[in-house]
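*Asks:* Can you read through this structure? Questions will come right after.
The values are calculated or read from the model by the stated rules, or taken from the named source; none is laboratory data. Everything numeric in this text was worked out from a predicted model, so none of it was measured. When we count neighbours, we look across all protein chains shown, and the Cβ atoms used for this are built from the backbone with ideal geometry, even at glycine. These area figures cover heavy atoms from the full protein model, side chains too; ligands, DNA and RNA do not enter into them. Shrake-Rupley method; radii C 1.70, N 1.55, O 1.52, S 1.80 Å.
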Amino acid sequence: MTLIHITTWFSLQISLLKASCTNTIKELHNWMKPDKVKTSVTVFPASAEIVPEPLGVILVISAWNYPFLLSLQPIVGAIAAGNAAVLKPSELAPATSSLLLKLVERYMDNSAIKVVEGAVEETTALLEQKWDKIMYTGNGRVGRIIMAAAAKHLTPVLLELGGKCPVIVDSQINLKVATRRIIVGKWGCNNGQACIAPDYIITTKEYAPTLIDALKAELEKCYGKDPLESKDLSRIVNSNHFSRLSKLLDEDKVSSMVVHGGLKDKSQLKISPTILLDVPEDSLIMSEEIFGPLLPIITVEKVEDSFDIINSRSKPLAAYLFTNNKKLKENFVKSVSAGGLLINDVALHLAVDTLPFGGVGESGTGAYHGKHSFDAFSHRKGVLYRSFFGDAPARYPPYSQGKLNLLKALLSGSLVRIARALLGWA
């Protein structure tokens, strides 16, 4: 990665984080206001509201791929909601982890925010403590470990995991724009090492050759004829992940399906943007989240068949559709269950603070961003206010059939039934 590439990648994190801080400062007074709610005739006369209050002490365990943003954006929400927080940055991004420790100690209130560095041993020790909420960003395997640890203390969790994020590509679209957006969403996002990066494409058998040719042409424009020498292509984070991706690519039933790329350089920890066509459904690459630069394309007879393929799998963190067909868009939104949906682009929903960002099913539980962060780290406390006026004798013993009729009427909330009960009781 060049200095320009690193600066751009880091600036993206900082700009999104800064926008989150600015929006929170601007809107916090509104988020903190109690929400007035209606009451029923059963409790008349009364008023009611929902009051947000801090949960207490929050543990945030963040990821390595966007180590600044994914560490501090949850902290913004936790602190805005009035909590104290402990941040455990990922040990796979040691430079950022060390920087976060220094910056938090120097510039933030250490009675409210602490950073704990370390790896498995330190994380295990943290999980043995009782927290008021735990947030983890990462993979499902570790997510299960965190849920099991949290269950011992009945601690609620917010899990941002991942999954196999699909991209449906229809024909009759602006193919150049679509391919460029897929490329930046897949390979521009840490060379596929992002939870919302496209994991596989679904398109029709008829349209697949056209799409592949367009992807090849745009990839060459972005990364040159020798992408392994491109200074704009991110490395794989470490040798373990490089070996894992190599195993996916080298599987016998998969290696022959490569239609573009497939180049590897272990010394640089680089794998070129790789496109595969019609890999077997039972292959490793289709059974686990790729989290890297490999992009399988699955073909179907009709684009509408894509929905069944997606819904037959675990629910993804994000699902994408490129189309100009209004009915297809409507059916996509209605039929596909995912953490979030995006039509005619990739990954940009992450930047919209008014949308909740989170998973569903195996892709996560809970959501944050903007007010959703404030709500995620708050308890919404219901409060009912009554006066001493309007006390109903029917509530109190000794009970009679008339009192029982009145109580049933009150619980039903029907003014007509209440009136009849009162007349009968009288």
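*Asks:* Just check the chain against the gyration tensor rule for me: Cα atoms, a ≥ b ≥ c as the square roots of the eigenvalues, rounded for a/c under 1.5, and otherwise prolate or oblate depending on whether a/b exceeds b/c.
*Replies:* Prolate.
*Asks:* Let me ask something else about it. What are the GluC sites (Glu not before Pro) within the stretch 113-160 that DSSP puts in a loop, where the Cβ has at most 10 other Cβ atoms within 10 Å?
*Replies:* Listed in order of number, the matching sites are Glu128.
*Asks:* Write out the trypsin sites (Lys or Arg not before Pro) in the stretch 9-43 meeting two conditions: DSSP loop, and at most 15 other Cβ atoms within 10 Å of their Cβ.
*Replies:* Lys38
*Asks:* If you put +1 on each Lys and Arg Cβ and -1 on each Asp and Glu Cβ, how big is the dipole of the chain around its Cα centre, in Debye rounded to 20?
*Replies:* In total the dipole reaches around 1600 debye.
*Asks:* Distance between the C-alpha centers of the stretch 306-343 and the stretch 94-125? Whole Å please.
*Replies:* Using only Cα atoms, the two centres lie 38 Å from each other.
*Asks:* How far, in nm, would the chain grow between Leu99 and Asp305 when pulled straight, counting 0.36 nm per residue and subtracting the alpha carbon separation?
*Replies:* The Leu99-Asp305 span can extend by a further 69.4 nm.
*Asks:* Which of the trypsin sites (Lys or Arg not before Pro) across the stretch 265-314 are loop residues per DSSP, with 12 or fewer other Cβ within 10 Å?
*Replies:* Lys266, Lys302
*Asks:* If one takes the longest principal axis of the Cα atoms in the chain, at what angle in degrees, from 0 to 90 and to the nearest 10, does the Cα axis of helix 401-412 lie?
*Replies:* Between helix and principal axis, roughly 30 degrees.
*Asks:* Would you tally the net charge around Ala95, using a Cβ to Cβ cut-off of less than 12 Å, leaving Ala95 out, and scoring K and R as +1, D and E as -1?
*Replies:* Around Ala95, the surrounding residues sum to -1.
*Asks:* For the stretch 369-377, in order, what is each residue's ³J(HN,Hα) by Karplus, 6.51 cos²θ - 1.76 cosθ + 1.60 with θ = phi - 60°, in whole Hz (x at glycine and Pro)?
*Replies:* Calculated HN-Hα couplings, in order: 4, x, 4, 5, 5, 4, 5, 5, 10 Hz.
*Asks:* Next up: Let's test this: bin the Cα-Cα distances of the stretch 266-403 at 5 Å from zero up to the farthest pair and state each bin's percent.
*Replies:* For the stretch 266-403, the pair-distance distribution reads 2, 7, 11, 15, 14, 11, 8, 6, 4, 4, 5, 4, 3, 3, 2, 1, 0, 0.
*Asks:* Got a number for the accessible area of Val259? Probe 1.4 Å, square angstrom, nearest 10.
*Replies:* 50
*Asks:* Return the distance in nm (one decimal) between the two label points of a simple spin-label model at Arg313 and Thr22, each offset 7 Å from Cα along Cα→Cβ.
*Replies:* With each label point 7 Å from Cα toward Cβ, the separation is 3.6 nm.
*Asks:* Which FRET efficiency value, to the nearest 0.05, is calculated for Glu281 and Val37 with the Förster distance at 51 angstrom and r the Cβ-Cβ distance?
*Replies:* 0.55
*Asks:* Can I ask one more? How big is the dipole moment of the stretch 354-416 about its Cα centre under a simple scheme where the beta carbon of each Lys and Arg is +1, that of each Asp and Glu is -1, and everything else is neutral? Debye, nearest 20, please.
*Replies:* Approximately 300 debye in magnitude.
*Asks:* In what order, largest first, do Asp282, Asp265 sit by accessible area if the probe radius is 1.4 Å?
*Replies:* Asp282, Asp265
*Asks:* Separation between the Phe44 and Asp391 pseudo-spin-labels, each 7 Å from Cα along Cα→Cβ, expressed in nm?
*Replies:* In this crude label model, Phe44 to Asp391 measures out at 2.0 nm.
*Asks:* Shifting gears a bit: From the phi angles alone, apply the Karplus equation (6.51, -1.76, 1.60; θ = phi - 60°) to the stretch 281-296 and give each ³J(HN,Hα) in whole Hz, x where the residue is Gly or Pro.
*Replies:* So the J values, rounded to whole Hz, are 4, 8, 6, 4, 5, 9, 10, 9, 5, 6, 6, x, x, 8, 10, x.
*Asks:* Counting Lys +1, Arg +1, Asp -1, Glu -1, what net charge surrounds Ser283 among other residues with beta carbon under 15 Å of its beta carbon?
*Replies:* That sum, taken over residues with Cβ under 15 Å, equals -4.
*Asks:* I'd like to compare 206-219, 45-58, 377-390: which one has the highest average count of other Cβ atoms within 10 Å, and what's the full order after that?
*Replies:* Top of the packing list down: 206-219, 45-58, 377-390.
*Asks:* Between Thr124 and Glu229, what is 0.36 nm times their sequence separation minus the Cα-Cα distance? Round to one decimal in nm.
*Replies:* 33.8 nm
*Asks:* Please turn the phi angles of the stretch 232-249 into ³J(HN,Hα) values with the Karplus equation 6.51 cos²θ - 1.76 cosθ + 1.60 (θ = phi - 60°), one per residue in order, whole Hz, x for glycine and proline.
*Replies:* These are the phi-based 3J(HN,Hα) values: 9, 9, 5, 7, 6, 4, 7, 5, 5, 5, 4, 5, 4, 5, 4, 5, 4, 6 Hz.
*Asks:* If you roll a 1.4 Å probe over the heavy atoms of the protein chains, what accessible area per residue do you get for the chain, in Å²?
*Replies:* 49
*Asks:* First compute the accessible area of the chain with a 1.4 Å probe, then give the percent of it belonging to carbon and sulfur atoms.
*Replies:* Within the chain, the accessible surface is 59 percent carbon and sulfur.
*Asks:* Now for a separate question. Set the Förster radius R0 to 35 Å, insert the Cβ-Cβ distance between Ile145 and Asn30 as r into 1/(1 + (r/R0)^6), and round the FRET efficiency to 0.05.
*Replies:* That gives a FRET efficiency of 0.40.
*Asks:* Given only helices, namely DSSP H runs of n ≥ 4 each adding -39500 (n - 2.57), what is the per-residue ellipticity at 222 nm of the chain, to the nearest 500 deg cm²/dmol?
*Replies:* Dividing the helical sum by the residues of the chain leaves -12000 deg cm²/dmol.
*Asks:* Taking Cα atoms, how many degrees apart are the long axis of helix 140-151 and the longest axis of the chain, rounded to 10 and kept between 0 and 90?
*Replies:* Between helix and principal axis, roughly 30 degrees.
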